[in-house]
Amino acid sequence: MTGRASSILPHVKSGEAAEGSPNADADTATATAPVVDEETLRNDLETAIEEEDYGRAAKLRDELRHLREDGRSSLLAANARFYDAFRDGDLAAMHAVWAKGEHVYVVHPSAGRISGYETVMRSWEMVCDADHEFPLRFDLQDVEVHVKGDIGYVTCLEMVKTRGSGGSWGKQLATNVFEKVAGEWLMCVHHASHLDDDDE
């Protein structure tokens, strides 16, 4: 992200001083560039448009597009890590994908809300210790991804099957909410509800 953020800084050739920083070269200017977030880019874009600086506005528009695409891709990767942990019944991986705190919660199909990191993890221990044949098979359909700053969510239809004679858990509508903590997407809400064939 720093590489993209540096493109909105004034260009300084090696050996020249950047404005306000004597004897700084381009590498130093890039290394100390602030990480630019979506809100900053949007504000800068609006300012560039108001100032009729359309060349700068086009660059900022492209930066904003790249930032959003990166956010969506990394959020989908975090969602995949959650389903990998769930599929394999891997409790260590499940612990790693969740944010820590009392604000996290899970709603398993046909169950109520379970709140707080420790309680949520105990609920996943019960799921993984149940009489299921892991790995499960997931087919995610109708996946939608939404990112707004440091919060993102994924909605999907989960088609879950167990191996062998265990059969199918059927279809669940799922909403997975993530928050960005220290640059990493961590789950803070998983809500899954059974979907009957009549509901489609």
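Using amide H atoms built in the peptide plane, which far-off residues or other-chain residues are under 5 Å from V104 H to H?
Long-range HN contacts for V104: G116, Y117.
Averaging sequence separations of C-alpha pairs under 8 Å and six or more residues apart, then dividing by the length of the range 38-194, give the relative contact order as a whole percent.
Numbers: 265 pairs, mean separation 32.6, N = 157.
With pairs under 8 Å counted, the relative contact order is 21 percent.
Can you check what the net charge comes to around M159, using other residues whose Cβ is under 11 Å from the Cβ of M159 (Lys, Arg +1; Asp, Glu -1)?
Numbers: positive: R137, K161, K171; negative: D139, D142, E158.
Net local charge, M159 excluded: 0.
Sum up the charges of everything whose Cβ sits under 12 Å from the Cβ of V143, counting Lys and Arg as +1 and Asp and Glu as -1, but leave V143 out.
After counting each charged neighbour, the total is -3.
Give the accessible area for H95 in Å² (nearest 10); use a 1.4 Å probe, count only protein heavy atoms, and leave out ligands, DNA and RNA.
Roll a 1.4 Å probe over it and H95 shows about 60 Å².
Per residue, how much accessible surface does the range 38-194 expose to a 1.4 Å probe? Answer in Å², no decimals.
Normalised by residue count, the accessible surface of the range 38-194 is 54 Å².
Could you report the accessible area of C128 in Å², rounded to 10, computed with a 1.4 Å probe on the protein chains as they sit in the structure?
Estimated to the nearest 10 Å², C128 gives 20 Å².
Could you order E125, E118, E158 by accessible surface area, starting with the largest, using a probe radius of 1.4 Å? Write down the numbers at each step before the final one.
Working: E125 65, E118 110, E158 5 Å².
Solvent-accessible surface, decreasing: E118, E125, E158.
How large are Rg and Dmax for the range 38-194 when only the alpha carbon atoms are used, in Å?
Expressed in Å, the Cα Rg and Dmax of the range 38-194 come to 18.9, 67.
Once ligands and nucleic acids are excluded and a 1.4 Å probe is used, how much of D131 is accessible, expressed in Å² to the nearest 10?
Roll a 1.4 Å probe over it and D131 shows about 150 Å².
Taking a ≥ b ≥ c as the square roots of the Cα gyration tensor eigenvalues, with a/c under 1.5 meaning rounded and otherwise prolate when a/b beats b/c, else oblate, which class fits the range 53-128?
Details: a/c = 3.70, a/b = 2.63, b/c = 1.40.
Prolate, because a/c is 1.5 or more and a/b exceeds b/c.
The values are calculated or read from the model by the stated rules, or taken from the named source; none is laboratory data. It should be emphasised that the depicted structure is a prediction, and the values quoted were computed from it without experimental measurement. Glycine gets a Cβ as well: all are built from the backbone with ideal geometry, and neighbour counts include every protein chain shown. Accessible surface is based on the protein model in full, side chains and every heavy atom, while ligands, DNA and RNA are left aside. Shrake-Rupley method; radii C 1.70, N 1.55, O 1.52, S 1.80 Å.
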